[in-house]
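Heads up: the structure comes next, in structure tokens.
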Amino acid sequence: MALQTQLEKMGAKVLIHKLTDQLARLEQGDTTAETLVHQLEAWTASGSQRVLDPLPRVRPLVDRGATLGLLEQLSSQLPDGFAIPPSRVAHSAPQAAGWLTSALRWPLIVKPLPAHGSSDAHRMCIVNNLACLEQLSYPVLCQNFYDHDALLYKVFVLGDRHHVVPRPSIRNVDPAARGEATLMAFDSHDVSKAHSQTYLNDAVAMKTALASNVLRRPDLALLADRMRQHLGLTLFGFDVAAETSVHYIVDVNYFPGYKGIESFQEDLCHLLRQTVDSLE
């Protein structure tokens, strides 16, 4: 039975989804994903039903190049002290090297363009010199890496509510290692779990960074609201690498795990009630 028919028989008003992998496969020409997306679009065509979140709004987040474009549009609206790290898409080692003469600088964090759709989407690396660029599989997103004392703030947004959760992250890059031709490879899921202890983590530095409390939480609430309006999304998360003077928004993802958010069910029900009320 077609999904559209199933939803109509259920009398559903709101559908919550996490179709990021399917949207990524759609970009690769997957016909099954295409059929599913078309069925959802047909179901919402009357305007009396709602998909959280609208697929056209989610779609840019499955490609890091498209996500970068959205963030750059938002850059002028960021609260003081927040910034988007300089980033560029590179299709070859020479092009990546060229960016390092203008927009970028060492070290780089290099990410695959697809943000979903396969396990490779989360395999990244820190690059220290030109020799490392030759070892990459292109195209990639090259982004300036900023030391942030092995601490990342994950911001979870649910409609007009948000939560901030500190997580382990990549340790500071030793200046002595910046001439090495060895890639510092990692899986982003592995280094930022609640109790991650990989070779790239640094529990002591993270504890010290937490104690210093440099994060501007009131400004973060304003940032979450502006991102929600700009992205047109209600269920998303973003990561902040906090330096003393500048806080960098280093990643955005749709419908994160919300692990550690005790009020998740309450917040989700609040969002659903608001959505249903808006349809009446």
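May I ask you to verify whether Arg64 is within 27 Å of Asp267 (Cα to Cα), of a type in the set (Lys, Arg), at pLDDT 85 or above and in contact with a strand residue (DSSP E or B) (Cβ under 7 Å, 6 or more places away or on another chain)? Spell out how you get there, then give the answer.
Working: within 27 Å of Asp267 (Cα to Cα): no; of a type in the set (Lys, Arg): yes; at pLDDT 85 or above: yes; in contact with a strand residue (DSSP E or B) (Cβ under 7 Å, 6 or more places away or on another chain): yes.
Considered against the rule, which asks whether it is within 27 Å of Asp267 (Cα to Cα), of a type in the set (Lys, Arg), at pLDDT 85 or above and in contact with a strand residue (DSSP E or B) (Cβ under 7 Å, 6 or more places away or on another chain), Arg64 comes out as no.
From the set of residues in the range 239-280 that are under 14 Å from the mean Cα position of the chain (by Cα) and closer than 24 Å to Leu15 by Cβ, which is surrounded by the fewest Cβ atoms within 10 Å (Cβ to Cβ)?
For the range 239-280, the residue satisfying everything is Gly257.
So which strands (runs of 3 or more DSSP E) are wholly in the range 35-147 and hold at least 3 residues that are over 16 Å from Phe238 (Cα atoms) and not assigned by TED's automatic domain parsing to the domain that holds His247?
50-52
What is the one condition in (1) within 27 Å of Glu134 (Cα to Cα); (2) hydrophobic (A, V, I, L, M, F, W, C); (3) touching a Ser or Thr at 6+ places or on another chain (Cβ under 9 Å); (4) free of Cβ contacts under 8 Å to residues at least 60 places away in the same chain that Met184 does not satisfy?
(3)
For the range 203-213, enumerate the residues that are surrounded by 18 or more Cβ atoms within 10 Å (Cβ to Cβ) and within 20 Å of Phe186 (Cα to Cα).
Those that are surrounded by 18 or more Cβ atoms within 10 Å (Cβ to Cβ) and within 20 Å of Phe186 (Cα to Cα): Ala205, Met206.
Considering only the range 140-166, state which residues are surrounded by fewer than 20 Cβ atoms within 10 Å (Cβ to Cβ), among the charged types (D, E, K, R) and under 20 Å from Ile126 (Cβ atoms).
Asp147
Go through the range 217-263 and give me each residue that's polar (S, T, N, Q) and modelled with pLDDT of 95 or more. Before you say what the answer is, go through the steps one by one.
We begin by selecting, within the range 217-263, every residue polar (S, T, N, Q); these are 229, 234, 244-245, 253, 263.
Answer for the range 217-263, where residues must be polar (S, T, N, Q) and modelled with pLDDT of 95 or more: Gln229, Thr234, Asn253, Ser263.
The values are calculated or read from the model by the stated rules, or taken from the named source; none is laboratory data. Values in this document were obtained by computation on a predicted structure and should not be read as measured data. Cβ coordinates were reconstructed from backbone atoms using ideal geometry, including for glycine residues, and neighbour counts include every protein chain displayed.
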